[in-house]
Amino acid sequence: MTQTTKKPILGSFLTVILTLLATYALVKWGIPALSREITSLPFPLPVPGTLMFFYMTLTIVALFLIVTFSEEGLADFLRPVKKFLRGGYGSIPRAFILTLIPAVIGWQVYEITVPKVEVPSSLRIQHPSSNFPKSFEAKRNPFASPTEAEVDAFIEQAKANEIEFIPQVQEDIEHWAEEIDPEHVLEFFPLAPMRKLLAQIQADNVDKATAKAALLEKNLFEGRALYAMNCRACHGDSVAGDGPMADGFKLRPINFTDNGTIETIVEGYTFWRVTNGGPGLPTEATPWDSAMPEWKLSLTEEQRWRIIMAEYDLAQKTPRIPEGH
Ligand code: HEC
């Protein structure tokens, strides 16, 4: 074997070790530091673990090829290893390293397999109860259960053909009336309870159950209109969480027609969620932040309740009954 000037100054074993350490350092700290320079963000962009794996694998493959390229190269690489194993660097360092290797591997295996007590970070608390004010729990939707007085008032309005609608739908109904010139505004609704009520008004024999069913249909109609105006873009036509904007969110709106969503919560909680939106959620609700707007800022309490009634109806679900009811 001849001594040539091409040999690494440090010997090939040490060069291999230093190259591996340098590659690791470059990916672990170099790239994030560079990303910070380029993006001028106040924090470095982390390097994904898979990228580190690729870089290290490629480096090891390249070093393996270089070292085994010639017999001399391999012999050069192995010389310090053999010398070490024969005790050429002293028997105490050898005993120390040979104990250290299995100890480190054992410790790593232990770290991987030992059961952890921490909460998996992927769990998100969808329905945090910690800051859900108890006063909301007993709240009932006034539009889903109209009082007798409200039904009576509705009968009077229907008889006089002066049913009051919310302004958001009033205009549409007026346009329709101009074109059709109906005898009664209830003709607008192609629904059984409305038809029945209309027939009863014409026969002057209105019964309360029919009037109540018609009033519920009217409330639902208004709720659906408000839903379409405010919620549809994210939650979708059929409350399945597939509105045109839904794909834009890291935390998608959930599918309300699934079992285990709005069906499992009491109306008061739904009301509270709609009222306070994503900003109302406590820190347990992270790491994903909800895009759900804080509706108390733009919808009245009445509007929110109407929408919630329509939301449950569209999903064909009923809210959970609060305990003790
Ligand atoms: C900008 C998009 C967006 C709009 C508009 C929006 N939401 Fe949401 N909403 C979300 C997202 C995203 C979630 C899921 C994350 C979460 O739980 O906050 C959500 C969650 C909800 C939940 C919680 C369900 C649960 O199980 O806790 C309710 C109820 C809800 N929305 C109702 C409404 C209503 C009613 C409207 C209209 C007044 C509305 N949303 C408008 C994005 C939106």
Condition broken by L215, with the remaining ones in (1) surrounded by 18 or more Cβ atoms within 10 Å (Cβ to Cβ); (2) within 13 Å of the ligand (Cβ to nearest atom); (3) touching a residue at least 60 places away in the same chain (Cβ under 8 Å) satisfied: (2)
Looking at (1) within 16 Å of the ligand (Cβ to nearest atom); (2) surrounded by fewer than 14 Cβ atoms within 10 Å (Cβ to Cβ), find the lone condition where A192 falls short. (1)
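Conditions (1) near the ligand (Cβ under 7 Å from one of its atoms); (2) modelled with pLDDT of 85 or more, marked per residue:
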{"residue": "G248", "(1), (2)": "no, yes"}
{"residue": "V274", "(1), (2)": "yes, yes"}
{"residue": "P282", "(1), (2)": "no, no"}
{"residue": "P287", "(1), (2)": "no, no"}
{"residue": "S298", "(1), (2)": "no, yes"}
{"residue": "L314", "(1), (2)": "no, yes"}
{"residue": "K317", "(1), (2)": "no, yes"}
Those residues that are outside any loop (DSSP other than H, G, I, E, B) and more than 56 Å from the chain's Cα centre (by Cα), I need them from region 86-98; list them, please. S91, I92
Is at least one residue of region 154-167 more than 17 Å from L197 (Cα to Cα) and part of a helix (DSSP H, G or I)? yes
Residues (outside any loop (DSSP other than H, G, I, E, B), more than 15 Å from the ligand (Cβ to nearest atom) and at pLDDT below 90) located in region 113-153: K134, S135
Quick check on this structure: which one of G278, G236, G248, G243 is within 25 Å of F136 (Cα to Cα) and of a type in the set (G, A, S)? G278
Within region 24-70, of all residues that are farther than 30 Å from F13 by Cβ and β-branched (V, I, T), the one surrounded by the fewest Cβ atoms within 10 Å (Cβ to Cβ) is I38
Is it true that G248 is at positive phi and in the same structural domain as L186 (by TED's automatic domain parsing)? no
Quick check on my filter: what residues within region 221-245 are of a type outside the set (D, E, K, R), modelled with pLDDT under 95 and either in contact with a His (Cβ under 8 Å, 6 or more places away or on another chain) or more than 12 Å from the ligand (Cβ to nearest atom) (or both)? S238, A240, G241, G243
Of the conditions (1) closer than 30 Å to K82 by Cα; (2) assigned to a loop (DSSP other than H, G, I, E, B), L65 clears all except one; give me its number. (2)
Taking the condition of being in contact with a helix residue (DSSP H, G or I) (Cβ under 8 Å, 6 or more places away or on another chain) and among the small types (G, A, S), how many residues in region 300-324 meet it? 2
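The values are calculated or read from the model by the stated rules, or taken from the named source; none is laboratory data. Bear in mind the structure is a predicted one, so any value in this text is a computation, not a measurement. Because the Cβ atoms are built from the backbone with ideal geometry, glycine has one as well, and the counts that use them run over all protein chains shown.
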